[in-house]
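See structure below.
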């Protein structure tokens, strides 16, 4: 028999806070339409690809008479992509709104992600079942998956499954790729008069699904608080033992939002921001110099310890490293990969690599530690490319810094000690108990998604904004997913995709970091956020991220 923790029991009983206009009861929620929208770029191309769902109006829910059509709703819900804290509450909010409207409404949870829809694998949600997952972390309520919905054959199967069960709407909870798929599926259903709506919900702990309308993707708050607690703990140990430099890699392959938020929470000695590295065209050596400079300055004060935060995808932002990866992908294309793998020793493989790379690329390759060199030639992804996420960049930079310090020591410019520890925080944050913010935000997103369904919207993203204010003042509504889209080159083809949001170097969060990092690099300014708090004063339990507070002017620069 499964034993429940005291916290789990208590969290089941937590009642998430809704935006004010959604607290009025279903019958008193009206809709206000705003201006027509257009995509962020490539307007004509996106419009041509989405003739039935492009250019729709943004909408806001407010207090007033509910004028939506009354009909039985059978809704399917899908969790797509990597886990993010709060996903269960999106499903719970969706379920509660659906049942509050009509107890005969049905919610079907498709198992294992989008493949569950294609395979007609589902569970019908009940009060008893849904109550086991309220305010808890993870995606185990129905599981998740990474199957992409992108072909006509898949859409036809999805349409048939929906027809079989009388499904009126599908809610897809996912990141930028998943919501791109939601937009394409919505267009297909509209073009074929299927009578099925598709609504998306913005999820990703990486924080790169955001724009002027989506202030924050869900899960980012909890994940960064979880990582920041761990980093703060390491900082406390670091300042106690005073003998190690800790290199900590955190999630975030395509953007550095997680690293930046953790730095704002904990004030480490160094935090690398990939977007800055790319903008300044910094080399691996340049990046290592930044860290080595902090090591030297602190050593001169007798402090041979420190903390460095490294975003997961940092190497892809280094221009020379990106060029190296591109050449390696070409070097091992097709049958050449078999020839490489057939070589018996690493020395033979090095000869193959040296002959196949340009001098510029090989010069970069040659400065890498052998362990990192070999990681570049591990198992390829399905497209035959280097799996950058397998590269231990925290170990790469600690080794490059060691080389820098050895050279400085020979010149008599460095006399300190340099011992290192390495950490990677990823999975630890993806399924944590959601913070009150994420519990409230996600429940609101799910509740709001049903209101979009009830009012007949298709190809929309559930949107809750004004998130730096108390939940009572949050604003609920929706926006066409096509508004976030542009055309990008993917695998040799032009594809409509949601534009990823990178760290803005002229934005308030980075400017705050930039203004303080010189002091943090030299002094010990560590802050210790501690564990996520669920009970107590609102300023402790309901606080949002430093990033959002700075973006909304709620924290001084």
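A crude spin-label estimate for the pair residue 505 and residue 36, with each label 7 Å from Cα along the Cβ direction, gives 3.8 nm.
If you line up the long axis of helix 257-266 against the longest principal axis of the chain, both from Cα atoms, how many degrees apart are they, to the nearest 10? For helix 257-266, the angle is close to 70 degrees.
Annotation: extensible slack from residue 211 through residue 193 equals 3.4 nm (criterion: 0.36 nm per residue apart, minus Cα-Cα distance). Please state the shape class of region 344-438: rounded when a/c is under 1.5, otherwise prolate if a/b exceeds b/c and oblate if not, all from the C-alpha gyration tensor. The shape class here is oblate.
Here is the P(r) of the chain: all C-alpha pair distances, binned every 20 Å from 0, give 21, 50, 27, 3, 0 in whole percents. Ranked for footprinting exposure by Cβ neighbours inside 10 Å, fewest first, 517, 23 give 23, 517. Would region 276-373 count as rounded, prolate or oblate if I go by the C-alpha gyration tensor, calling it rounded below 1.5 in a/c and otherwise prolate when a/b exceeds b/c, oblate otherwise? It comes out prolate by the Cα gyration axes.
Computing FRET efficiency as 1/(1 + (r/R0)^6) for residue 236 and residue 554, where r is the C-beta to C-beta distance and R0 is 25 Å, gives about 0.40. Under the criterion of Cα pairs below 8 Å and six or more residues apart, the relative contact order for the chain equals 24 percent. The calculated FRET efficiency for the pair residue 13 and residue 489, based on their C-beta separation and a Förster distance of 51 Å, comes to about 0.55.
Applying 1/(1 + (r/R0)^6) with R0 = 35 Å to the Cβ-Cβ distance of residue 3 and residue 379 gives a FRET efficiency near 0.35. Per residue, the convex hull spanned by the alpha carbons of region 95-183 comes to 108 Å³. For region 191-341, the relative contact order works out to 24 percent when only alpha carbon pairs closer than 8 Å and six or more residues apart are counted. Averaging Cα coordinates gives a centre for region 494-552 and one for region 61-108; these two points are 31 Å apart.
Take the Cα of residue 281, step 7 Å toward its Cβ, do the same at residue 65, and the gap between the two points is 6.4 nm.
With respect to the chain, whose longest principal axis is taken over its alpha-carbon atoms, helix 319-331 is tilted by about 80°.
Taking a point 7 Å from the Cα of residue 243 along the Cα-to-Cβ direction, the residues of region 387-425 with backbone N closer than 18 Å to it are 416-422. Relative to the longest principal axis of the Cα atoms of the chain, the long axis of helix 87-101 lies at roughly 10 degrees. With the simple model of a label 7 Å out from the Cα in the direction of the Cβ, residue 541 to residue 103 spans 3.1 nm.
Enumerate the residues in region 470-485 having an amide nitrogen under 14 Å from the point lying 7 Å beyond the Cα of residue 23 toward its Cβ. Residues passing the 14 Å test: 470-476. The antiparallel fraction among DSSP beta bridges confined to region 44-191 stands at about 25%. Considering only beta bridges that DSSP places wholly inside the chain, some 40 percent are antiparallel.
Values in this text are rule-based calculations from the coordinates and carry no lab data. Remember, it's a predicted structure, so these values are computed and weren't measured experimentally. Virtual Cβ from ideal backbone geometry, glycine too; neighbours counted across all protein chains shown.
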